[in-house]
There are 6 protein chains.
Amino acid sequence: MQISIIQPITTPVDLDSQELEGLCKNGITCSVVNLHTGPCSVESRTDKAFAIPGMIAAAQREVQNGVDAIVIDCFGDPGLDVLREVVDIPVLGVAQTSMNICASLADTFGVVTILKESIPIITDAVNAYGHKGRFVGCRAIDMRSLEIKGQVNEMTNRLAEQALSLVRDQNAHSIILGCTGFIGCAEEIRKRLELSGFNVPVVDPLPVTVFSAIPLLQMGLKQSRESYPKHKPKEIKGYPEFQ
Amino acid sequence: MQISIIQPITTPVDLDSQELEGLCKNGITCSVVNLHTGPCSVESRTDKAFAIPGMIAAAQREVQNGVDAIVIDCFGDPGLDVLREVVDIPVLGVAQTSMNICASLADTFGVVTILKESIPIITDAVNAYGHKGRFVGCRAIDMRSLEIKGQVNEMTNRLAEQALSLVRDQNAHSIILGCTGFIGCAEEIRKRLELSGFNVPVVDPLPVTVFSAIPLLQMGLKQSRESYPKHKPKEIKGYPEFQ
Amino acid sequence: MQISIIQPITTPVDLDSQELEGLCKNGITCSVVNLHTGPCSVESRTDKAFAIPGMIAAAQREVQNGVDAIVIDCFGDPGLDVLREVVDIPVLGVAQTSMNICASLADTFGVVTILKESIPIITDAVNAYGHKGRFVGCRAIDMRSLEIKGQVNEMTNRLAEQALSLVRDQNAHSIILGCTGFIGCAEEIRKRLELSGFNVPVVDPLPVTVFSAIPLLQMGLKQSRESYPKHKPKEIKGYPEFQ
Amino acid sequence: MQISIIQPITTPVDLDSQELEGLCKNGITCSVVNLHTGPCSVESRTDKAFAIPGMIAAAQREVQNGVDAIVIDCFGDPGLDVLREVVDIPVLGVAQTSMNICASLADTFGVVTILKESIPIITDAVNAYGHKGRFVGCRAIDMRSLEIKGQVNEMTNRLAEQALSLVRDQNAHSIILGCTGFIGCAEEIRKRLELSGFNVPVVDPLPVTVFSAIPLLQMGLKQSRESYPKHKPKEIKGYPEFQ
Amino acid sequence: MQISIIQPITTPVDLDSQELEGLCKNGITCSVVNLHTGPCSVESRTDKAFAIPGMIAAAQREVQNGVDAIVIDCFGDPGLDVLREVVDIPVLGVAQTSMNICASLADTFGVVTILKESIPIITDAVNAYGHKGRFVGCRAIDMRSLEIKGQVNEMTNRLAEQALSLVRDQNAHSIILGCTGFIGCAEEIRKRLELSGFNVPVVDPLPVTVFSAIPLLQMGLKQSRESYPKHKPKEIKGYPEFQ
Amino acid sequence: MQISIIQPITTPVDLDSQELEGLCKNGITCSVVNLHTGPCSVESRTDKAFAIPGMIAAAQREVQNGVDAIVIDCFGDPGLDVLREVVDIPVLGVAQTSMNICASLADTFGVVTILKESIPIITDAVNAYGHKGRFVGCRAIDMRSLEIKGQVNEMTNRLAEQALSLVRDQNAHSIILGCTGFIGCAEEIRKRLELSGFNVPVVDPLPVTVFSAIPLLQMGLKQSRESYPKHKPKEIKGYPEFQ
């Protein structure tokens, strides 16, 4: 099972070799691709809008390369519904997948993310995916997505603090890490919550989504064409990547 | 009050002079603009995605020109949340405005639109705007958006038939015309429904939205920065219009 | 466009000339009328009940006078559904209109009102109009409706304080002034919230509702007879105004 | 336990002696009162509005007479929230009570009522009482409330037909008779549904509500003053009954 | 009317003679039975699961004895839906009945219960019964169900404290005692809340449910067979009580 | 990853070797176990109740055997919440997992199941798992769970017919096979729907759930102890399997 991880940005944020190895298990191999057309980071709805045309091009290239599924590597799930119209293989969003997994593990969930400005994207997703009844809130750690790689300790401390607040004060029964840049620190945060007396799952969105492609691919499942009609290409202007 | 009507397409679909005059009342003047970057028509989520970057550029130009509000001339409300992040003047979507107006006039509403493939865009909007409890369904007349100008009689007949079905069989208490290309035929459809025994409002989305800018502009109201944080420009690649 | 503003009380609460002038724009002229049958103020459901018969009589007189629309000048929206059954012109409630406008501007809203005892009326309205998912709460300033005209500074201070609490602590993304007696102080409260770091719309219900009649009147829209069947007069006893 | 049954009309609709005897069991005695101020029948929101002031007067007289609880004898539940503000004894609405009882007996319910024009009153109630998720629809038999006493056979046939349609086609798991004038025919309708293969409860609203006062009175329960603040009398004009 | 009160435990928790007398009014007589198969107390979903087979056997014996209705004496409503499939007489759950009664008395309710570990059972019930929109939260007093009989003062103090917190801080407009072991202290808690300025109903679940059988039995109402199809016995293994 | 498939019945329903092989991929091995205490089949809530005690015993044995996760092999998800309290490894229900997967693939889903009497179990599950907004309905093929193994052609024909009706008439955008006995026929039904013009996913609940254990096990995720507190064993009577 060849899974394409599309980063919706033009700046490559390398997954390090350990992170990538961690994903290539159970019959999975992964490719990670970036955009030719798009923003340097995704922190707002406007950033998302600038990413999607480049994601369409990237997805079409990856389909040509023979991949079996696409995972969008950004908690804003940019282009999730669009790529589902464009390609004939399963497309997974990390926010949608993480929220659906929490729905099986816990009555409620909270999200910890990077910036206060990113919260409306997450509440949009909660509403669109039908999880409003389970969502207790979102907290930001006030670090930009391109800053966090170099400050893992500070990031982890702030995430643990906000996660504890969601669990203790807001009745969150599970926690979702609301940025794929937080990869790898879920277990540490889970342990700190357990030390505070709360035994709750903490979801690391990118890897859990990659592994969630397995049941779809094994069963031949993909998006419904009644919900996501196949897009018919038409004339577009102003996009060098598509000319 | 100078209102900019942004058509999210590169193909100008002229509002004729009578239609435009009909909008320029009560202190309103209108400008109609098209895109440099974008698709030739909007009938899918993918079309919407290709329209939004060009709409951002158009909106920024219109703000430079001193307009007071922006109305997006497409029932898919493409870019509505994005433009609200980008500009500091009110941005109105015709679908959102029409649905909110129906919420004051009737317990339920149904939508008649162009193509079956466009229905998921409309149900997305119904959900995002919180109108699921009022929405009884959407029916398509199976005509493309660029065809309808030349076939107004056929279009009106099909719209009236689908509208009647929604009112009589689905308990719709009001009807929204789900494409701005249907401009001008609401009253005819309302009369036909009345002849069938149903006295219900039929909403023509573009003009009702233009006039709905008046209460906002008179009262100095615009989008909340808590829901739509101001976008901070960042580096983007692959967009000639922005270089 | 001649709009009748019906005050659901027997005590005339004059809109001052500046306030009235502020409404008579964009082709609107306004008449303000009071009741012959009804209470001296509206602060409870019981007060509302005593107001409605007199409002029916007033509305019928105003229709005879040739007005084009009716606006009910009380945040409890007394008689809104009843008048819609009785007359054949659009009837607008200030609470319903304000809430629908907030639905276009912000994800959530909070309300500031006069008395704790009035809060159940407002939560009834929130539920009836389908806005429960957006409503974060209502706060009272503990001043009676007939007191506030003489204490505008105190009123404004208390409103700003409660509004700030709703925005900062309850996640309100917009504020509605929940009494038409608060007319004219929305901009001041908006500025104070902005000084505290929150850039959110503050809705002044009476004027925004008067201006919201424009899109309805321009488009010939009024209440659906499927939701509001036309009332057929029948014998009533005990109402001198109707004998 | 002395229960006052308030008929919100000026025309006495006598409960016959058998009907009244059927209510006076288990320690209950009943008084039935009519209005001095009000309409001759209640079939619209406007009728309800004209009834409520007279109901307040009647309720106050009945409290003076020492009754222990008030039941409103009309499926529109006119004045339910108002009387709860006015008196200090429990006030029961037959629609609210019937819907709450169905919530314990079945997943869903449908309502059969008199006139198509009365349906919006019932859907208002369904929404206000929080039963939207259980309500499958309302059907009218097209007979006026003052006609049905003389045409019990015809009424029963039409009710059974509409009830069967709700159960068979709309998935109603229980039926509420949506007019207190239908008293006494629930068992007949239940039997007919059973003959068609559907074993479902059919609720007769007035008697089930009278008996539902017993648990409240035995336990000393009445309306919450947080939801229904006590009304403080104020000056009203135009109501001879209150002068 | 002979009502069987089934305690879903093998340890008899005697209702004292005063408590039992309090239930035997208005034509009611009660029998109280325990289980042969089951747990010693019910504080978790697992305890509920071990109780239900024994409850089926007890219910079948009680039906043989000629009882008219069954009340399940545990706030977890164990076996409520199962017994409704098994027997042909009404089966009442104390949690469901209490919540439906609050729905008639107040806009919102909160629950006070025994242990933090029991809260998920109560939130499951709130969701299953459709009361999520009214429920403000549940607080535990941290006493086990078998401890409370001997510590009524301490129990009452803790209940009053938690109830006040729900009313004052969480906007609860009514309180439900979330354990049938709390029988008899509702009025004391109501008085203490009133002393703190909150005039709200406090529901004692077991007696209010026993009295709520009266309207059902008087009207011949019981569970719908569309929602609760009659169970057809089949072969089971490992249950000595059923061999 | 060793996964225990617990069949909640005492009658072994062998998965054939091809079916079992189909599950043992991607690092998974499976064991299939039956009950000592329980019913011969599960078609009602009462059957579920008789199954759960035996499932607890079976789960405890399987944990002793060192399995990594438990899958409950019945679309009623019997004991799902109970086993999550009892064991410290992930427990997956096939109905919950299938519905969560559909939530990622399609806007709506319908279910096809065995008997009309089983439908309430499925609607209970839809409500408990928060999928009411997506669920369009459930259709039964009127075959008992122990009959279907021998009549695969007839079963497939009936399933395809009911699935088509849900998709074409009820707007289902995906289909869930609502009985684990239907294993292996999803692709055939999907093809028939495609021939009728509907390209929608058809979910085979048991294998998709087994594969869905992979993301949980790879990420160390299991049920939240805030939602599913650990059960503390207590004295029970009448269960030979536990003595």
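The values are calculated or read from the model by the stated rules, or taken from the named source; none is laboratory data. Being a predicted model, the structure only gives us computed values, none of them experimental. We place every Cβ from the backbone using ideal geometry, glycine too, and count neighbours over all the protein chains shown.
For segment F:6-28, the tally of residues that are within 14 Å of chain E (Cβ to nearest Cβ) and surrounded by fewer than 20 Cβ atoms within 10 Å (Cβ to Cβ) stands at 2. Here E:K230 passes the criteria (1) away from chain F (no Cβ under 14 Å); (2) in contact (Cβ under 8 Å) with a residue 40 or more places away in the chain; (3) surrounded by fewer than 20 Cβ atoms within 10 Å (Cβ to Cβ) except the one numbered (1). Would you mind stating whether F:S31 is surrounded by fewer than 24 Cβ atoms within 10 Å (Cβ to Cβ), modelled with pLDDT under 95 and either among the charged types (D, E, K, R) or out of contact with any strand residue (DSSP E or B) (no Cβ under 7 Å at 6 or more places or on another chain) (or both)? Against the criterion (surrounded by fewer than 24 Cβ atoms within 10 Å (Cβ to Cβ), modelled with pLDDT under 95 and either among the charged types (D, E, K, R) or out of contact with any strand residue (DSSP E or B) (no Cβ under 7 Å at 6 or more places or on another chain) (or both)), F:S31 does not qualify. Selection of segment B:35-74 for residues being farther than 16 Å from A:D81 by Cβ and in a loop (DSSP other than H, G, I, E, B) yields B:L35, B:H36, B:T37, B:C40, B:S41, B:N65, B:G66, B:V67, B:D68, B:D73, B:C74. Filtering segment F:29-47 to residues that are touching a helix residue (DSSP H, G or I) at 6+ places or on another chain (Cβ under 7 Å) and within 11 Å of chain E (Cβ to nearest Cβ) leaves F:L35, F:H36, F:T37, F:G38, F:P39, F:S41, F:V42, F:E43, F:S44, F:R45, F:T46. Taking E:S118 as the residue in question, decide whether it is at pLDDT below 95 and among the hydroxyl-bearing types (S, T, Y). Yes, satisfied.
Are any of the residues in segment B:145-158 in a loop (DSSP other than H, G, I, E, B) and at pLDDT 95 or above? No, that holds for no residue.
One line per residue, one yes/no per condition, for (1) closer than 30 Å to E:A128 by Cα; (2) in the same structural domain as D:N34 (by the TED database):
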residue: D:D88; (1), (2): no, yes
residue: D:T108; (1), (2): yes, no
residue: D:N127; (1), (2): yes, no
residue: D:K132; (1), (2): yes, no
residue: D:A140; (1), (2): no, no
residue: D:G150; (1), (2): no, no
residue: D:S165; (1), (2): yes, no
residue: D:D169; (1), (2): yes, no
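Within segment C:215-224, the residues that satisfy the criterion of being without any contact (Cβ under 8 Å) to a residue 24 or more places away in the chain, on the phi < 0 side of the Ramachandran plot and either surrounded by fewer than 20 Cβ atoms within 10 Å (Cβ to Cβ) or more than 14 Å from chain D (Cβ to nearest Cβ) (or both) are C:P215, C:Q218, C:M219. Within segment A:83-129, the only residue that satisfies the criterion of being among the acidic types (D, E) and in contact with a helix residue (DSSP H, G or I) (Cβ under 6 Å, 6 or more places away or on another chain) is A:E85. If I ask for residues that are out of contact with any Gly (no Cβ under 9 Å at 6 or more places or on another chain) and either part of a helix (DSSP H, G or I) or more than 14 Å from chain B (Cβ to nearest Cβ) (or both), which ones from segment A:233-243 would you list? The answer is A:F242, and nothing else. Residues in segment B:199-209 that are buried (at least 20 other Cβ atoms within 10 Å of the Cβ) and either among the aromatic types (F, W, Y) or over 10 Å from the mean Cα position of the chain (by Cα) (or both): B:V200, B:P201, B:V202, B:V203.
Just one residue in the set E:V67, E:V87 is closer than 23 Å to D:Q218 by Cα and either surrounded by 24 or more Cβ atoms within 10 Å (Cβ to Cβ) or of a type in the set (A, V, I, L, M, F, W, C) (or both); that residue is E:V67. Screening C:S196, C:S212, C:S165 for residues that are at the interface with another protein chain (Cβ under 7 Å from one of its Cβ atoms) and at pLDDT 95 or above leaves exactly one candidate, C:S212.
Across segment F:168-186, the qualifying residues are those that are within 11 Å of another protein chain (Cβ to nearest Cβ) and in a helix (DSSP H, G or I), and the one among them that is nearest to F:D204 (Cα to Cα) is F:A186. Note on segment C:94-124: residues that are within 11 Å of chain B (Cβ to nearest Cβ), not in a helix (DSSP H, G or I) and not aliphatic (A, V, I, L, M) total 3. For F:V126, the requirement of being under 30 Å from F:Y228 (Cβ atoms), surrounded by 23 or more Cβ atoms within 10 Å (Cβ to Cβ) and either at pLDDT 95 or above or of a type in the set (K, R) (or both) is not met. A single member of E:E188, E:E194, E:E161 is acidic (D, E), more than 29 Å from F:E85 (Cα to Cα) and in contact with a helix residue (DSSP H, G or I) (Cβ under 8 Å, 6 or more places away or on another chain), and it is E:E188.
Within segment C:125-144, being away from chain B (no Cβ under 14 Å) and in contact with a Lys or Arg (Cβ under 8 Å, 6 or more places away or on another chain) holds for C:A140, C:I141, C:D142, C:M143.
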